[in-house]
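Q: My questions all concern the structure below.
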Amino acid sequence: MSEEKSLNFLEEIIENDIAEGKNGGRIHTRFPPEPNGYLHIGHATSICLNFGLANKYNGKCNLRFDDTNPVTEETEYVESIKYDIKWLGFTWDNELYASDYFEQLYGFAVTLIKKGLAYVDDSTAEEIAATKGSTFEPGKNSPYRDRSIEENLQLFEEMRAGKYKDGEKTLRAKIDMAHPNLLLRDPLMYRIKHAHHHRTGDSWCIYPMYDFAHGQSDSIEHITHSICTLEFIHHRPLYDWFIEQLGIFPSHQYEFARRNLTYTVMSKRKLLQLVNENHVTGWDDPRMPTISGMRRRGYTAKALREFSDTIGIAKRENIVDISLLEFCVREDLNKIANRVMAVLDPVKLVITNYPDGQEEQFETDNNPGDEAAGKRWLPFSKELWIEREDFMEEPAKKFFRLAPGLMVRLKSAYIVKCEGFKKDDAGNVTEVHCSYLPESKSGNDTSGLTVKGTIHWLSVPHAKTAEVRMYDRLFKVEDPSNEDGDFKSYINPDSMVVLPNVYIEPALASAKDGEHYQFMRKGYFCVDKDSTAENLVFNRTVTLKDAWAKEVKKG
RNA sequence: AGUUCGAUUGUGUAACGGUAGCACAACAGACUCUGACUCUGUUUGUCUAGGUUCGAAUCCUAGUCGGACUACCA
């Protein structure tokens, strides 16, 4: 496969810029999160994009926290964001903060005042909103719009000095109240907030608006390609206006369409609701589309990067099928996860012709696709646990498992033939009775038989137990945000089903937090951080593809 | 209404005037000591209407549909 991978539209722009010698061929991107929440899969895409582009074109990528709103931002979020980026496999060139530029930004504001391009406004928030106009109506000039430069300078200085209360005054850019782009109708540059900032403490009581900080921060850092999502496209003319009036480095912003995923929600507001209203256990609940949640669920960084690569990047609205994400997760886990046996819904299998009290050990591959993963031993005895669904009293068509008269291979052990079963008064099968073929021993099979089915099993006296949390998609509908009514009414009630007593191989008892396993024929699972010495907890990361389930569905 | 971005199979993304391709999903089959993995094959697409051209997903015109914008949030 030597075919060239085609370029996405950002790579095309970058390669053109390099070809034309723009910025001396230098490429510098940045990832600019606000430290007011946890990163989600949408951010992961942006991280992969920005860091990936820098890597590909031998450039640099900064991590810059856009921390211009002290009320919502916290150091805790800074730490979680840094952790997630590192975990995803990326390293930033500089760790920066918009708050590092507060003094410089203040200077920019003074410059604009002196050029007659900014003014202090005494209007209230309501008055400003009321005079903003609308998409079909121009706005009205503020009565304070024509204050003298000297007066503006003095008032702005007093704002900084703490002479005024929150909301009493703002600094606004003097652009055009009739501009067709609402964002250019004298946008706010500074507001008063007597609030403690996570980094600058109490040294400021005025804070720049995002729009007055973001573009200039990029400029200060000499970012060549400032990449963000489409909803900021209307802000670009404003950033360009500030940059031009200030005569500073012309960073250029490029916008791409944010990625949406089926069966989930992505907005911070909605995710926050899920957490606050206890629909999930926290930001890192394995059902959350947060990076921390997916990590806990057992998704790997490699799978997330692969997913990001595969879905590509464009400008049209989209909703990516979550099965693609799941495919990427399986693809990676298939390579790295050791196979083990676990019986989730047990029924006892008794081998009638196996001697009482006899035990054997069978050797089996940890990963048949990876010799280096090694082998392990499985204890075997007369009584085994098997999966309840692997037995049918009256077998369906194409059912290749156990039913009276049918044979299966016990994985890595013997071929057994079902001779009968026992039921309780309620009609539930309590025991399956089989005979085994001693000459069919795995690895040394002289029986000459081939059976269609192979099932997993666990020796009753040797099996240990664990708690298993079976996760499924969080919502019942593809696009919960687009349905009528409250998105939360579409939560999947079965998104987490806890199995408190699952049988596992004895070797699994020492599994460690975060380890990935494939429970053969059942799916990929990982050890949850809630595990204790007494109670091991596994999360189901994702199921295996299941052709039989499809067959059953078809009826 | 204004500004602005967009429209290629069920989903995502290519094709840069010259055979509409790739991945996922779906379907059919092969293989299988995991009904997994792997492999093979199949179905489904250029928003509409005009125009330019030997030739249009691509260029032009007009329309249609969808998104975003009217926070002292980012």
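Q: In this structure, is residue A:23 polar (S, T, N, Q) and more than 30 Å from residue A:282 (Cβ to Cβ)?
A: yes
Q: I'm checking my understanding of the structure. Among residues of segment A:159-178 that are under 19 Å from residue A:143 (Cβ atoms) and free of Cβ contacts under 8 Å to residues at least 40 places away in the same chain, which one is farthest from RNA strand B (Cβ to nearest atom)?
A: Selected residue: A:176.
Q: Filter segment A:411-430 down to the residues that are in a loop (DSSP other than H, G, I, E, B) and of a type in the set (A, V, I, L, M), then identify the one that is nearest to residue A:349 (Cα to Cα).
A: Result: A:413.
Q: I'm told residue A:42 meets every condition in (1) out of contact with any Phe, Trp or Tyr (no Cβ under 8 Å at 6 or more places or on another chain); (2) assigned to a loop (DSSP other than H, G, I, E, B); (3) within 14 Å of RNA strand B (Cβ to nearest atom) except one. Can you identify the failing condition by its number?
A: Answer for residue A:42: the failing condition is (2).
Q: State the number of residues belonging to segment A:143-178 that are small (Gly, Ala, Ser) and closer than 29 Å to residue A:200 by Cβ.
A: Selection size over segment A:143-178: 4.
Q: So which residues in segment A:329-346 are of a type outside the set (S, T, N, Q), assigned to a strand (DSSP E or B) and under 12 Å from residue A:367 (Cα atoms), if there are any at all?
A: A:339, A:340
Q: Whether any residue in segment A:489-502 is in a helix (DSSP H, G or I), modelled with pLDDT of 95 or more and surrounded by 15 or more Cβ atoms within 10 Å (Cβ to Cβ) is what I want to check.
A: Yes, some residue in segment A:489-502 is in a helix (DSSP H, G or I), modelled with pLDDT of 95 or more and surrounded by 15 or more Cβ atoms within 10 Å (Cβ to Cβ).
Q: Does residue A:368 qualify as being in a strand (DSSP E or B) and either of a type in the set (Lys, Arg) or under 21 Å from residue A:522 (Cβ atoms) (or both)?
A: no
Q: From A:528, A:546, grab the single residue that is within 26 Å of residue A:364 (Cα to Cα), acidic (Asp, Glu), at pLDDT 95 or above and surrounded by 15 or more Cβ atoms within 10 Å (Cβ to Cβ).
A: Being within 26 Å of residue A:364 (Cα to Cα), acidic (Asp, Glu), at pLDDT 95 or above and surrounded by 15 or more Cβ atoms within 10 Å (Cβ to Cβ) holds for just one of A:528, A:546, which is A:528.
Q: Further question: When you look at residue A:96, is it within 15 Å of RNA strand B (Cβ to nearest atom), among the hydrophobic types (A, V, I, L, M, F, W, C) and in a strand (DSSP E or B), yes or no?
A: It is true that residue A:96 is within 15 Å of RNA strand B (Cβ to nearest atom), among the hydrophobic types (A, V, I, L, M, F, W, C) and in a strand (DSSP E or B).
Q: A further question on this structure: From A:383, A:371, A:359, A:393, grab the single residue that is at pLDDT below 95 and more than 10 Å from RNA strand B (Cβ to nearest atom).
A: Answer to the check: A:371.
Q: Looking at A:471, A:414, A:436, which one is more than 23 Å from residue A:356 (Cβ to Cβ), buried (at least 17 other Cβ atoms within 10 Å of the Cβ) and in contact (Cβ under 8 Å) with a residue 12 or more places away in the chain?
A: Among A:471, A:414, A:436, only A:471 is more than 23 Å from residue A:356 (Cβ to Cβ), buried (at least 17 other Cβ atoms within 10 Å of the Cβ) and in contact (Cβ under 8 Å) with a residue 12 or more places away in the chain.
The values are calculated or read from the model by the stated rules, or taken from the named source; none is laboratory data. Since we're looking at a predicted model, the values are computed, not measured. Methodologically, a virtual Cβ is constructed for each residue, glycine included, from the backbone with ideal geometry; neighbour enumeration extends over all protein chains shown.
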